[in-house]
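The structure appears below as C-alpha cells.
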Amino acid sequence: MAETVEVTVQRYNPETDSAPRLQTYEVPYKDDWVVLDAILYIKDHLDATLSYRWSCRMGICGSCGMNVDGHPKLTCSAHLREYRRGFTVEPLSNFPVIRDLVVDIDDFMAKLKSVKPWIVRELEQPLGDGEYLQSNNQIDHYRQFSQCINCMLCYAACPVYGMEPEFLGPAAIALARRYNLDSRDEGTVERVNVLAASEGIWECSCIGECSVACPKGVDPAKAIQQTKFDTVNGAIMSTMLMPFGNRR
C-alpha cells in the first residue's frame, strides 16, 4: 500500500463561511516532494475549489509563502520529508485572508512603494554615456539586502507588525537600505522621511524573527538596526554642522 501523509488546510470562502475552518486531506507521500507539491495534488485530484498562490516553484518569485505548522515558509522549499507525521497549512499570519490560503497584500505593496525601491537620481545620465558601472566592492555593500524576493514571510513572523499594522515592516526597510547603499542612488534623503517616521524604523523592537524567517538570508533586522544608526548619526552631524545662531 502506498504511503500517504495527512495535510490539514485552512479553508475560508467569504461567500459561505463566517469564519475559517480546517479540512484534512490524504495525499501520497513522496520523498522528493515539497509542501507545494502536496497542495497542488489536492487542487488537481481532491478538491478543485482550493485557492492559493504559486508561480516559479524555485524559491525565486516569493508567491507561495504560507504558514506550515505555524511557521512562515516558502512551500516550494519546505520538503515533505520534514513532515512525515502530517502538517497544517494556513495563510500567512498578520494579513487579511481573501480566500483559503490567499492573503491581501495591498498594504505590503503600498509600504514597499513608499520607500521608493528603485534607483533615484536627480539627473539621468545620457544614454550615450553608457551604463552606471559599479565595482564588486560597491555591489558588496548592498548585495545581501538585494536578495529580497518580497515573499512577506518576514511580515508574517514580525510580532510588531502583528500588533501595529502601521509599521513599515522588515522587507520595505531592508529594500530601502539596499538602495541607500547603492553608489548609483541619490534618493536617501527622500527615503529618510518615510523610514524615520513614527511608523518606521523606531517601531522595531529588534526581536529578530524576520531574519529567522527569511528564506534568502537577507537579514532585515540587520538592515533596520543599521538604518537606525545612520539616521541618528545623520541627525547628530546635521546639528553639529548647523550654524550656532540657528540652533534651538
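What the table below lists for this structure:
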quantity: Cysteines without a disulfide-compatible neighbour (Cβ-Cβ under 4.7 Å), the chain; calculated: C64, C76, C148, C151, C158, C204, C206, C214
quantity: Greater than 26 Å apart at Cα, pairs in K73/K228; K116/K222; K116/K216; K43/K216; K30/K73; calculated: K73/K228; K43/K216
quantity: Under DSSP loop assignment and at most 16 Cβ neighbours within 10 Å, longest chymotrypsin sites (Phe, Trp or Tyr not before Pro)-free interval of the chain; calculated: 1-117
quantity: Helix-only mean residue ellipticity at 222 nm for the chain, each DSSP H run of n ≥ 4 adding -39500 (n - 2.57), per residue, nearest 500; calculated: -8500 deg cm²/dmol
quantity: Gyration tensor (alpha-carbon) shape descriptor, the range 154-214, a/c threshold 1.5; calculated: oblate
quantity: Cα gyration tensor shape for the chain, rounded if a/c is under 1.5, else prolate or oblate; calculated: prolate
quantity: Span-like helix ranges in the chain, DSSP H, alpha carbon extent 30 angstrom or more, Kyte mean at least 1.0; calculated: none
quantity: Rounded to the nearest 20 debye, dipole of the range 106-241 from Cβ charges on Lys, Arg, Asp, Glu; calculated: 260
quantity: Gaussian network model of the chain, springs between alpha carbon atoms under 10 Å - residue of G234, G128, G59 with greatest fluctuation; calculated: G128
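Rule-based calculations on the coordinates, nothing more; no lab input. Small disclaimer: the values here were computed from a predicted structure and weren't measured. Glycine also receives a Cβ, built like all others from the backbone with ideal geometry; neighbour counts cover every protein chain displayed.
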